[in-house]
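Quick notes on the structure that follows.
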Amino acid sequence: MSANLLSQLLPKLSKINQYILEDDIDSAQSELNQLDDLLKNVFNSPTVLTEDDALFLSDFSTRLNTTVQELIQRKGVIAKKIGVHLNTQKKINVYKSIK
C-alpha cells in the first residue's frame, strides 16, 4: 500500500472535523469528496494491504463513520436554523405589510 496515500487520510479527516466545528458545511463536504477520491485511489492501488495497513484502515473507517454521522447531524441542525429564520422573515414581512 502506498504510504503516501495512507499518510494523507488522517490530515484530510482532521480538516473535515475542523470545518464541522466551524459550521463550514460546504467546505467539509468538499473535503469529504476529496477524501472519497483519495480512498478510491488507495483501494484501486495494485499493491497488497499489509496487516498494519488493514488495522489502520479499520480504525480510520470507524473515525470516518463518526465524522460522516456528525456532518449529517450538523446539516440537519443548520437546515432547521435556516427554516426557522425563513419562517421568522416571512412573519416580519407580513407584519410590515399590515402596517
Checklist entry - In region 1-23, what residues are surrounded by 15 or more Cβ atoms within 10 Å (Cβ to Cβ) and either among the basic types (Lys, Arg) or free of Cβ contacts under 8 Å to residues at least 40 places away in the same chain (or both)? => result Gln8, Lys12, Lys15, Tyr19
Item to check | Every residue from region 33-76 that is surrounded by 11 or more Cβ atoms within 10 Å (Cβ to Cβ), β-branched (Val, Ile, Thr) and at pLDDT 90 or above | outcome: Thr66, Thr67, Val68
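Can you tell me how many residues within region 58-87 are in contact (Cβ under 8 Å) with a residue 12 or more places away in the chain and not charged (D, E, K, R)?
First, the residues of region 58-87 that are in contact (Cβ under 8 Å) with a residue 12 or more places away in the chain: 60, 63-64, 67-68, 70-71, 74-75, 78.
Now narrow it down to the ones that are not charged (D, E, K, R): 60, 64, 67-68, 71, 78.
The total comes to 6.
The values are calculated or read from the model by the stated rules, or taken from the named source; none is laboratory data. Just so we're clear, the structure is a prediction, and the values are computed from it rather than from any experiment. Note that we place each Cβ from the backbone using ideal geometry, even for glycine, and neighbour counts take in every protein chain shown.
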